[in-house]
Structure formats: structure tokens, C-alpha cells
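Enquirer: Before we start, here is the structure in question, set down as C-alpha cells.
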Amino acid sequence: MKRHLIGAAIASALLLTAACSTKEEVAAETAQEQIANFNELSPLEQEARIKLVELKSMMEKAQNNEIDVAREETIVWFSEQFLTFANWDEANRDSIEKAFGYERYYAKDKKRLADELPDFERQKVIDILDKGIEVLAQELRGEIKRRPVNKVDWQGTKASDNMFISNGKPIFPYDYFSKTVGQPLTNTDIYNDHLGALYHGGENLYPVDHDRAINSFLLKEDGTFDQELMKELTSIPDTNVGFLYYWIMGIPKWVEEREPEVRKGRSLFTGFDVDNPLVRDVWGKIIRETGRLTKGKKVTELGFVLANEPHWFSEKDHWTYRFKEMNDISSYTLNKFRNWLDAKYSGDVAELNSNWGAAFTSFDQVQIDIPLDTKFKGQPMWYDWMRYNMDRSTEWFKFMQDELHTVNADADTHIKIMPRMFMDNSRSGGIDTEALAELTTMVGHDAKSFGSKNIRPGKSSEWIEKYAYHWGIVAMFHDFMESVAPDKINVNSESHFLSSGQWRDLDTRTSYVRSVYWLATLLGMDANMGWFWARDPDGSPEDRLEGDLDFFDPGLGGAYAGSNNMQPHVTNEVTQVMYDLNSFSEEIVELREQRRPIRLFYSETTAINADDYMTQGYKLYEELFFEGMPVGFVTKNIIQKQDNGLWDVVVVYRNQFVTDAEFAALQSYLNQGGTVILDTKDALSLNEYGQKRKQQLVKGNGKLLVLNTNNIAKIKQATLDEIKPSSKPAVVLKEINGVAHKTTMWRVVPNGKGGYLVNILNVGHNKANIELTLANGKSVDITDMMTSNPLETRFEIASEQVLLLEVTPK
């Protein structure tokens with residue numbers, strides 16, 4: 001009975017639409033056909049389709065009143081897509097149950113989840129339609145006024161020095177990695193404004209090495225190229241901008257036969273020894289040929305990704321052991337290490353022996369067991385290997401980039417660096433995040449967050465005690481990368497903001513999605529390709545997910561369940577927040593390009609030697625983050641290469657191990673009038689080998705404060721005391737949030753009209769009561785730029801809410 005009542009309501013709505021349409025595109029006859037079909041639909045789908053009719057009618061009215069409806073067009077598109085997906089999921093419950101079964105977090109409930117999924121998707125469609133109807137109704141009534149969407153020009157966007165430009169304005173391109181493998185790039189159901197329309201090549205994960213991939217198999221043993229495989233690259237239409245991957249996971253059998261050691265020292269996504277001369281020869285030829293063939297093509301506008309999540313963890317019992325990574329090194333790697341040691345010790349083998357407690361007669365006799373036992377951490381042998389492991393990977397990527405630039409000097413490059421290579425305490429992975437950010441022409445990574453607790457047993461979710469989501473791993477990583485390379489484009493080529501191997505939540509909050517994408521973009525992210533889009537237009541999973549899967553976890557097999565492919569509300573919100581960010585792109589760029597008056601000193605030397613350097617450093621960063629000013633970092637290189645007037649104070653915290661060169665850089669900064677705060681007198685007291693340093697910093701022409709405390713509150717206050725008045729925010733935010741710690745971050749910048757732009761994000765669990773005032777005490781008028789409505793100087797901000805305000809002195 002309920003179905004027929006809903007069907008009757010649909011009939012009335014459709015017939016009314018047909019009668020009222022000025023273009024008379026909906027004829028009564030067509031409406032009757034639709035009604036007949038709708039009567040057979042499930043109650044939730046009928047309800048959703050009523051709301052679709054209502055929203056489309058409102059959109060027509062809005063367009064007649066010259067109101068932009070791009071946001072609503074996307075709501076309609078995702079609604080129709082996910083109604084199709086829900087029907088596919090309902091008709092193929094066995095496949096959906098199997099998908100949930102691949103993810104061990106869901107496996108025990110796979111049947112129930114498969115049964116519930118279709119109606120879950122339909123209800124979420126109803127939710128996004130309800131919100132769309134509500135917001136558009138407000139604009140039609142004149143209660144709000146939204147800025148029209150500034151869409152990405154997928155054909156004409158250009159890479160500038162430190163941002164992408166579209167139609168003369170900054171733009172933040174978005175898409176998915178990986179994306180519906182097996183579908184042509186020209187399929188507008190996959191490549192469009194709603195999902196993103198970046199063309200790409202070489203992104204296929206499993207199975208590897210085909211589908212537009214630039215990979216080892218392009219070169220045959222006779223030195224010629226496999227033209228059929230090469231067509232996957234050369235056939236990419238030269239219409240849309242995009243990015244290309246060098247997929248270095250596999251190696252041809254003929255290379256293995258000629259070089260038996262080629263697999264020694266491999267890692268998961270780097271399937272061979274990067275020190276092997278035959279590998280260098282093969283990849284040099286592949287890079288030069290593919291670089292030549294794609295020179296000037298639009299698909300390279302967002303750069304060449306030189307590697308997917310490179311890492312070479314070389315400590316015993318690391319989690320990568322289960323993939324048999326780095327469980328040995330080749331003779332080529334060992335000999336290069338010997339040469340590195342020879343240079344490091346200036347040919348003095350006696351000094352090496354003294355450090356290592358060894359008795360080598362020459363550097364040619366040096367031996368080392370890889371992976372290293374962690375009992376050696378903090379000892380000279382540990383430091384030497386870990387430092388070399390970083391240097392050798394940097395040299396490999398320099399080789400790749402140099403080969404590309406021999407045929408295309410203007411080619412942009414970046415590397416998908418895992419943020420854990422910086423954020424985690426371990427430094428055995430062979431990645432020097434700073435060096436690679438300096439090397440490539442763009443900054444690259446796959447930054448992630450956690451929107452809910454870690455789903456893996458024994459893994460910490462300590463952050464959830466204080467915050468609604470794990471904002472810190474997004475913010476600290478971006479602030480470091482932007483400190484190292486402030487003038488480079490920042491590309492997240494696999495953003496794990498929506499799900500990952502360690503977290504997912506089928507009912508993810510849309511407020512979280514909006515907040516985390518806004519935060520990352522505010523802090524420097526210029527483009528992002530989310531993980532992942534795997535639906536064909538008919539609703540079925542893409543080719544790689546067909547049939548029985550046997551992939552490692554957290555691989556592709558377990559990634560589909562609980563992902564955005566089952567979340568209409570999440571996928572829609574991604575596009576909605578990117579629409580808003582792009583509509584305010586000029587303001588976002590102004591806010592992000594501020595001076596960073598507070599700089600935390602970062603030392604790779606301490607990171608290699610200490611057990612908890614990053615954990616402790618994060619605590620100080622966290623305390624400083626909510627003071628209305630951007631926080632940055634300095635290193636030896638930043639002090640030597642960048643204008644030291646870009647900051648007011650350098651804070652040295654938990655940094656005991658530094659090289660002589662790092663120590664000298666800080667002393668030089670002081671000599672030139674800089675201000676340095678040391679936590680304790682033991683700061684900087686040891687060299688890279690743990691040997692006592694005779695020198696101590698002196699103030700020179702600057703200011704040196706030794707606090708003799710590890711108390712973060714005291715260090716924070718001392719740091720804030722050294723900030724120049726001109727560096728402090730002109731707009732002051734006071735918050736009351738019901739907890740003892742701050743949760744509201746804000747950034748302020750002059751708007752060029754005598755007022756200020758203020759961006760506010762609440763990352764706490766609770767709503768916060770906010771009061772905004774000018775630092776000079778003058779009263780202000782406040783406008784919410786998202787709605788064009790005035791705000792009082794005291795207002796509430798909900799958990800995970802984002803506000804962009806214009807503050808004008810009265």
C-alpha cells in the first residue's frame with residue numbers, strides 16, 4: 001500500500017513538473033511511463049526520486065533567477081548514480097558479501113552488511129537530497145547568497161610556480177587514484193566535474209604493469225620497445241590535463257636471468273635493486289623514451305610521479321618483513337655503501353673501526369648484516385647505514401629525474417612519499433623527506449587522516465580522546481613540506497582522507513570530510529587524487545575487483561568494503577567542499593601564503609638516533625598550532641637557503657644529536673641576529689655518533705635562551721613571548737569549548753580592503769563558543785562569506801565546522 005501512495009505522490013510531482021516546465025521537456029506521457037516504473041521501486045528509492053523531482057524543479061527556478069546550481073547538479077548526479085549502485089548491490093548480494101569478507105574488520109558481519117547496504121545507500125541519497133533542497137530553498141528565499149562555483153578547466157589548467165591556474169585564478173584540481181581501471185578516459189560517466197577529470201597513466205595497482213602504465217616491461221631484451229604496451233601511453237587523448245606514473249614494481253624475466261641479484265634489496269612498490277647497473281640502463285632508456293613521447297602533452301601538466309610509496313625499511317622485525325622486503329642487499333649496494341663510508345670518514349678506516357668497534361683493514365672489507373638489529377639504534381653503525389640508505393634513495397630519484405630532464409627539461413616531477421616516513425619515529429625506511437621535497441619540481445605525497453578510530457587490533461587511537469579526527473598528521477606533515485618547499489606545487493597523489501588500510505567508517509561524517517579537505521588545502525595541498533573510485537557506471541565493481549581476489553591486506557581486495565564507493569554522502573561531500581574551496585581559491589591562497597613566525601628546528605640526525613623524536617616533537621607542535629599563527633620548521637638547509645627574516649624565533653626541542661654542519665647553521669643564524677630557544681643545556685650536545693660536542697651555542701648578534709626545562713607549557717609561553725607584535729594575528733579568537741585544551745584553529749590575513757579574512761576550523765568533539773575581537777580593541781562587523789550573512793562577534797561553531805569570515809573594523 002505504501003508503495004502505491006508514494007507512487008501517487010511521484011505522479012503528482014511529475015505531472016506538475018510537466019505542466020509547469022517552460023521548456024515543456026517533461027511530457028505527461030513520459031511522466032506516466034516513469035510513474036509506472038516507480039511503482040515497482042523500493043520505498044526508499046521512491047522517496048529519493050520524489051526528492052530528485054523536487055530538487056530539479058527548484059534548480060530550474062533558480063536558473064531562471066540567475067542562481068548558480070552547479071552544487072545541485074552534482075547532488076543530482078551522485079543521487080542518480082548511487083540509486084543505480086544500490087540496485088546493483090541488491091541484485092548481487094553475493095558479490096557484496098564477498099567484498100565485505102575481504103576486509104577482516106567487516107568479515108564477521110559480511111552477510112548482514114551486504115543485506116543492509118542497498119538501503120543504507122538509498123537513505124544517504126535521501127539525506128544529501130534533503131540538504132540540497134534545504135540550502136537551495138534558502139537561496140531562493142533570499143536568506144543566503146552563495147558564491148558561484150569556480151569549476152576546474154580540465155582542458156586548460158596550467159601549473160604555475162606554486163599553484164595551478166584555471167581561468168586566471170588559482171585552482172585546486174581533484175580526482176581519484178586509482179579510478180575505474182578498464183574504462184576509457186573518454187567515458188564522461190567516469191571523467192567529469194563530479195568525480196574529477198584528470199587523465200592519468202600508470203596507476204594500475206593489481207595486477208601490475210599494464211593499463212597505461214610506464215613500467216619495466218616496455219623495454220625488450222633486444223633494446224627495442226614493446227609498441228603495443230607503449231600505445232597504452234601514447235593513445236591517451238591530448239585533451240585533459242593529468243599526471244603520469246613511473247610504475248617500478250615489476251621487472252622482466254630477462255633482466256632477472258642476466259642479473260641474479262636484481263631482486264635483492266627490493267621493497268613492495270620498488271620491485272628491484274635500484275643500485276643494479278642493468279636496472280639503471282633499462283629505466284634510463286624507458287624514462288627518456290616516455291619523456292620524449294609525452295613532451296608537451298596535457299597529461300603531464302600535473303607531473304610525473306617517480307614512485308609509488310617508496311620505502312626500504314632495513315631494521316629487523318619491521319612490519320614490511322611479511323612482504324619479504326629488504327631482507328638482503330646486493331653486492332652493488334654493499335660496494336656503494338663502502339664508497340660512501342670511505343668518503344664520510346675521509347679515507348680513515350681507523351676512525352671507522354673506532355666508531356663501529358670493528359677491525360676492517362680497508363673500506364673494501366666492510367661487511368654489514370641487513371636488516372639491522374634494532375639493538376644497534378643510537379650507535380655509529382646504525383647511523384651510518386640509515387643515513388646512507390636515505391642518500392642512496394635520493395640518488396636513485398635524482399637519476400630518474402635527470403634522465404627525464406635530458407629529453408624534457410620542463411617536465412614536472414614528484415614522488416608519492418608516505419607521511420609516515422616523516423611522522424613516525426622510525427628512520428630505517430631510506431626516505432629523506434626534506435631531500436626529496438627539495439629534489440623534485442613539485443612536492444608529492446599521499447597524506448592521510450583518521451576520521452574515526454584505528455580498526456586494527458593494538459593500534460593506538462589516542463588522538464580521539466581530544467579531537468574529532470586526527471588533524472595533526474595532516475597539519476604537521478603539510479607544515480613541514482611547505483617549510484621546506486614553500487614555492488612548489490603540493491600534490492597529494494593518493495589522499496587517504498576517506499579510508500585506508502587502518503581506518504574506515506561506513507557512516508563517515510560529512511562534517512569530517514569537509515573539515516579535513518579544507519584543512520589540507522589551507523595548509524598547502526594544491527591537488528588531490530583520493531583513494532579510490534572503483535565503480536563502473538552500471539554499479540558493478542571495476543575490472544580488478546571482478547571474480548575471486550587473493551591480495552595482501554591492506555591491498556585492493558579489502559579496500560572496497562566500507563569505502564566511498566558505498567558512501568553517496570561522502571563522495572558528494574568531497575566534490576562539494578572542492579567546489580567551495582575553488583570558489584574561494586584566491587582567499588585560500590592568501591591565507592596559506594603567510595609568514596611562519598614560529599619555527600621548530602628539525603634534525604634528521606636526531607630522528608635517526610632517537611626512539612621518540614617525532615612523538616615528542618608533535619606534542620610541542622600541537623600546543624603551538626592553536627595560536628592563530630602558522631607554525632613552520634627550519635633545518636640546516638632551510639637556514640642556509642631561505643630568507644631568515646621569514647621567522648621570528650627558532651625552537652630547539654628534544655634535539656640532542658646534530659652534525660657539526662647543523663650546529664654551525666644555528667650558530668650562523670644567531671650571528672646574524674636570530675633568536676634561538678633551547679629546551680635544556682643538553683640540546684645539540686652530541687654529534688651524529690653520540691660523541692660529546694665541545695662547542696656550545698653563543699648568542700653572537702642574536703638572542704639565545706636556554707630554558708632548562710622540558711615542560712611544554714613553559715616552552716610554548718617562552719616561544720610566544722619572542723613573537724614580534726607585527727607577526728601576531730590582527731584578529732584575536734577566544735574560545736570556550738568545555739575542555740581544558742584548545743580545539744579551534746584560526747588564520748588571519750589582511751583582505752586588501754582595510755579588513756581581514758579569517759578562517760576558523762573546530763577540530764574538537766564539542767561545539768565551541770567563539771568571540772572575535774581586533775587586537776587593537778576596535779569593534780568589528782563580521783560576514784560569513786559562505787552565506788553572505790552577518791555574524792555577531794560572539795557565536796557558536798559546531799564540531800568539525802568550517803567558517804570563512806570577512807572581518808571589517810567599524
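The values are calculated or read from the model by the stated rules, or taken from the named source; none is laboratory data. Note that this is a predicted model, so its numbers are computed, not measured. Cβ: placed from backbone, ideal geometry, glycine included. Neighbour counts: every protein chain shown. Side chains are part of the model used for accessible areas, which takes the heavy atoms of the whole protein and leaves out ligands, DNA and RNA. Shrake-Rupley method; radii C 1.70, N 1.55, O 1.52, S 1.80 Å.
Enquirer: Arranged from highest to lowest average of other beta-carbon atoms within 10 Å per residue, in what order do the peptides 82-89, 349-356 appear? Write out the running numbers ahead of the final one.
Expert: Numbers: 82-89: 21.8, 349-356: 16.0.
Descending mean neighbour count gives 82-89, 349-356.
Enquirer: Report D for the stretch 586-669 in µm² per second (integer): Stokes-Einstein, Kirkwood Rh on Cα pairs, 4 °C, 1.567 mPa s.
Expert: D, rounded to a whole number, is 94 µm²/s.
Enquirer: Between 0 and 90 degrees, rounded to the nearest ten: what's the tilt of helix 613-625 against the longest Cα principal axis of the chain?
Expert: 50 degrees
Enquirer: Sorted by average packing, counted as other Cβ atoms within 10 angstrom per residue and highest first, what order do 700-710, 411-421 take?
Expert: Highest mean packing first, the order is 411-421, 700-710.
Enquirer: Aspartates and glutamates near Lys110 by alpha-carbon distance under 18 Å, same-chain residues fewer than 8 away left out - which ones?
Expert: Within reach: Asp89, Glu90, Asp94, Glu97, Asp119, Glu121, Asp505, Asp507, Glu546, Asp548, Asp550, Asp553.
Enquirer: If Rh is defined by the Kirkwood formula over all Cα pairs and Rg also comes from Cα, what ratio Rg/Rh do you get for the stretch 461-511?
Expert: Answer for the stretch 461-511: 1.02.
Enquirer: If the convex hull of the alpha-carbon atoms of the stretch 760-810 is projected onto planes in all directions, what is the mean projected area in square nanometres?
Expert: Values: hull surface 13.9 nm².
Projected over every direction and averaged, the Cα hull of the stretch 760-810 covers 3.5 nm².
Enquirer: Quick one: if you take sqrt(5λ) for each eigenvalue of the C-alpha gyration tensor of the chain, what semi-axes come out, biggest first, whole angstrom?
Expert: 47, 36, 23
Enquirer: On a 25 Å Cα-Cα criterion, which of the cross-link pairs Lys703/Lys724; Lys375/Lys692; Lys448/Lys742; Lys466/Lys810 come out too long?
Expert: Those over the limit are Lys466/Lys810.
Enquirer: Hey, what did the chain get for relative contact order, percent, Cα under 8 Å, at least 6 apart?
Expert: So the answer I get is 12 percent.
Enquirer: Normalising by the residue count of the stretch 516-620, find the relative contact order in percent from Cα pairs under 8 Å and 6+ residues apart.
Expert: 30 percent
Enquirer: Using the alpha-carbon atoms, what tilt in degrees (0 to 90, nearest 10) does helix 380-407 show relative to the longest principal axis of the chain?
Expert: 60 degrees
Enquirer: On to the next question. With θ set to phi - 60° and the Karplus curve 6.51 cos²θ - 1.76 cosθ + 1.60, what are the ³J(HN,Hα) couplings of the stretch 434-447 in order, to the nearest whole Hz, using x for Gly and Pro?
Expert: Each residue's phi maps through the Karplus curve to give 5, 4, 6, 5, 6, 5, 6, 7, 10, 8, x, 5, 9, 3 Hz.
Enquirer: Residues with amide H under 5 Å of His200's amide H, sequence separation 5 or more or different chain, H placed in the peptide plane at 1.01 Å from N; which?
Expert: Phe243
Enquirer: Tell me the Kirkwood radius of the stretch 242-328: reciprocal of the mean inverse pair distance over distinct alpha-carbon atoms, in Å.
Expert: With all distinct Cα pairs of the stretch 242-328 included, I get 14.3 Å.
Enquirer: If you don't mind, there's one more thing I want to ask. Quick query: amide H of Val443 versus all other amide H atoms, modeled in the peptide plane; which residues come in under 5 Å with a sequence gap of 5 or more or a different chain?
Expert: Close amide H contacts, sequence-distant or interchain: Ile489, Asn490, Val491.
Enquirer: Pairs of Cα atoms under 8 Å, at least six residues apart: use those to get the relative contact order of the stretch 252-387, whole percent. Could the numbers behind the result be given before it?
Expert: Working: 124 pairs, mean separation 33.7, N = 136.
Rounded, it is 25 percent for the stretch 252-387.
Enquirer: Using the heavy atoms of the protein chains and a 1.4 angstrom probe, tell me the accessible area per residue for the chain in square angstrom.
Expert: 38 Å²
Enquirer: Using a 1.4 angstrom probe on heavy atoms only, work out the carbon and sulfur share of the accessible area of the chain in %.
Expert: In the chain, the share of accessible area belonging to carbon and sulfur is 48 percent.
Enquirer: So, by mean Cβ neighbours within 10 angstrom, what's the order for 565-576, 64-75 with the highest one leading?
Expert: Working: 565-576: 25.7, 64-75: 17.8.
The most tightly packed comes first, giving 565-576, 64-75.
Enquirer: Using alpha carbons only, how many degrees (0 to 90, rounded to 10) separate the axis of helix 28-38 from the longest principal axis of the chain?
Expert: 60 degrees
Enquirer: For the stretch 376-533, what is the Kirkwood hydrodynamic radius in Å, using each pair of distinct C-alpha atoms?
Expert: 17.0 Å
Enquirer: Same structure, new question: Using the Karplus curve 6.51 cos²θ - 1.76 cosθ + 1.60 with θ = phi - 60°, work out ³J(HN,Hα) for each residue of the stretch 137-152 in order, rounded to whole Hz, and write x for Gly and Pro.
Expert: With coefficients 6.51, -1.76 and 1.60, one gets 4, 4, 6, 5, 7, x, 7, 9, 9, 9, 6, x, 5, 9, 6, 5 Hz.
Enquirer: Taking amide H atoms as placed 1.01 Å from N in the peptide plane, list the residues 5 or more away in sequence, or in a different chain, whose amide H sits under 5 Å from that of Gly250.
Expert: Ser216, Gly271
Enquirer: Around Thr808, under 9 Å between beta carbons, what's the net of Lys plus Arg minus Asp minus Glu among the other residues?
Expert: Taking every other residue near Thr808 into account, the sum is 0.
Enquirer: How large is the dipole of the stretch 314-437 about the Cα centre if only Lys and Arg carry +1 and Asp and Glu carry -1, each at its Cβ, rounded to the nearest 20 debye?
Expert: Dipole of the stretch 314-437, to the nearest 20 debye: 400 debye.
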